[in-house]
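What follows is a short report on a single structure.
The values are calculated or read from the model by the stated rules, or taken from the named source; none is laboratory data. Quick caveat: nothing in here was measured; it's all calculated off a predicted structure. Here the Cβ positions follow ideal geometry from the backbone for every residue, glycine too, while neighbour counts run over all protein chains shown. SASA here: full protein model, heavy atoms, side chains in, ligands and nucleic acids out. Shrake-Rupley method; radii C 1.70, N 1.55, O 1.52, S 1.80 Å.
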Amino acid sequence: MASTGNEYAAGGPFEAENQNYNLNEEKDNYDLGRRRSSTVGSIRDLSDQTHRKLKSRHIQLIGIGGTIGTALYVQIGRGLMNGGPGSLFLAFTLWCTVILAVTLSIAEMVTFLPISSPFIRFAGRFVDDAFGVAAGWNFFVFEAALVPFEITACNVIIGFWSDAVPTGVIIAIVVVLYGAINMMAVKWYGETEFWAAIGKVLLIIGLLIFTFISMLGGNPEKDRYGFRYWQNPGSFTELYHKGQLGRFLGFLQCLIQASFTIAGPDYVSMAAGETENPRKVMPRAYNAVFYRLTVFFVLGSLAVGINVPYNDPELIDAFKLGKPGAAASPYVIAMNRLRIEGLPHVVNAGVLASAFSAGNSYVYCASRSLFGLALEGKAPKFLTKCTKQGVPFYCVALVLMIALLSFLQLGENSAVVLTWFVSLVTASQLINFSVICFTFLRFYKACQVQGLDRNTLPYKGRFQPYAAWYGLIMTFIMTFVGGYTVFLKGMWNIPSFLFSYLMVFLFPILFIGWKLLKRTKWVSSQEADLVTDLAEIEKYHRNFVEKPETNAFNRVLNKLFG
């Protein structure tokens, strides 16, 4: 019998009500043979050659590794400067509720059908084939653009210590390392990300401990500053305008930053097709990743506001002058103020590892999203070719070619290049979350119409469909709000406008273009394809036998993180 995964989600927001999911029991009221993928206009006639080698502990940490990067340690200081500690904390807390809604939506679909590039392919099956094309290419652009962003960040971070190594050499080394890691069997990618993610977790925990001890006076200056900076200069600051409007714009800027910084469920989902025993592993992973990230981001946004005032001259100069690496980190600024030596270098090393690891995750996700598009016939067929280890090598190579855009730094200021990529990917990420929530609403309706009882699924997300509607509305609104500053008086900037809204214009163009080219039809709830790949997944779970771990050290790791 297939492993349901229900029992592993118990106690979390993803807990199911029924723990006896079995395909045979559902056949009486749900005819699995009556609908095939031809109803949605894209027949999957290409085989998925990837291997299910990622273990539970890998999946648990991949979501964290892909999300925690320089934004949590360094760029978060920009949000503090723009909105103040109160706005930053409220914005990050609010956005975590949006990520919960997205997670609840995607988790139910992916644990039911844990396939490669799941939410991209679900968009075509449950909504419209053209919608799946637009969603897939949007996610690919999003992930692929993040690779040169993190490579650029790595170069900036290394500049904290020395600028002796030429920029071009650093870029070349990072690209080669990404290629080497991602061309290995997926289990080695999982191992790499596992250890890198542990480093990130240790760093943020260490910074939170530093904040707690230091604010209580445990520092060389014996300064018991507590929440001093929430009182003076205050919790909220004005941005662009005076009064209530200025404070609201400050909060809005923090919310935009949170929407770029906080993610997680999409990275977990992209590994579904290569996860060992996914119906047992994935529910636990969604729960763990959401809870851990919420703690890190909410407490992290609180900590930076405790350590540094929003009007700190060193903080303002660091972002205005584009100081390298951790020099702009609120934590390092606090350490310098308190005359703590040595720790800034430790923080910078951790930030460098985080940036490198995040870029590595983006190479993986971008290549797998392109692979999923190719499997569905929405990208060239040759991209489906895999090595004997199950790596889609053409997809990885194409992503690495896009990563060469990081060489733009040679002709432009690194801070400018970083801003370009941030503007581009923020809109793409929000569009991606909107797609996930809308796709779930169609899945929810299809289950009702086709008689598939959601109580019998591997797990049933709570608060549905209200959570999906909440996530859809919030992410859709923020997609258009992200570049609002270009419309303020005297702030019009053509490059900023294009990078902020490029994907907003490109998404409907891709959708309409594919719809006209292939004459696709909107998928009715009665015809939504809930069956393709299901029998194969059921067979895998019936036949799956977990191999006991022979390595004692790995057994301990599996126990701690699995």
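Points worth noting:
- The alpha-carbon atoms of the range 58-525 define a convex hull whose volume equals 142 cubic angstrom per residue.
- Accessible surface of the range 338-388, 1.4 Å probe, proportion on carbon and sulfur as whole %: 62
- Each peptide in 109-119, 466-476, 208-218 receives the mean, over its residues, of other Cβ atoms within 10 Å, and ordering these scores from highest gives 109-119, 466-476, 208-218.
- Check: the range 116-243 dipole with +1 on Lys, Arg Cβ and -1 on Asp, Glu Cβ, in debye: 340
- Length added when fully stretched, LEU516-ILE213, from 0.36 nm per residue minus Cα-Cα: 102.9 nm
- Label sites at ALA397 and GLN231, each approximated as a point 7 angstrom past Cα along Cα to Cβ, lie 6.4 nm apart.
- Listed residue pairs exceeding 26 Å between alpha carbons, taken from LYS280/LYS381; LYS385/LYS539; LYS388/LYS460; LYS445/LYS521: LYS280/LYS381; LYS388/LYS460
- Calculated P(r) tail over 21 Å for the range 305-375, as whole % of Cα pairs: 44
- Placing +1 on the Cβ of every Lys and Arg and -1 on the Cβ of every Asp and Glu, with no other charges, gives the range 58-525 a dipole of roughly 1140 debye about its Cα centre.
- For LYS388 and ALA552, the difference between the fully extended length at 0.36 nm per residue and the C-alpha to C-alpha distance is 56.2 nm.
- For the range 186-261, carbon and sulfur atoms together expose 64% of the accessible surface, with a 1.4 angstrom probe and every protein chain in place.
- At q = 0.24, 0.29 Å⁻¹, base-10 log of I(q)/I(0) for the range 363-409 (Debye sum, equal scatterers on each alpha carbon): -0.79, -1.02
- Environment charge at LEU249 (Cβ cut-off 12 Å; Lys +1, Arg +1, Asp -1, Glu -1): +1
- Annotation: peptides 173-182, 514-523, ranked by per-residue average of other Cβ atoms within 10 Å with the highest first, follow the order 173-182, 514-523.
- Take 329-342, 236-249 and order them by the average number of nearby Cβ atoms within 10 Å per residue, most first; the result is 329-342, 236-249.
- Calculated FRET value between LYS381 and LYS320, using beta carbons and R₀ = 56 Å, to 0.05: 0.70
- Cut-off 14 Å, label 7 Å out along Cα→Cβ of SER525, residues of the range 94-138 by amide N: 127
- Relative counts (whole %) of C-alpha pair distances in the range 192-282, using bins that are 10 Å wide: 13, 22, 28, 24, 12, 2
- Between GLU536 and VAL295, the contour length at 0.36 nm per residue exceeds the alpha carbon distance by 83.1 nm.
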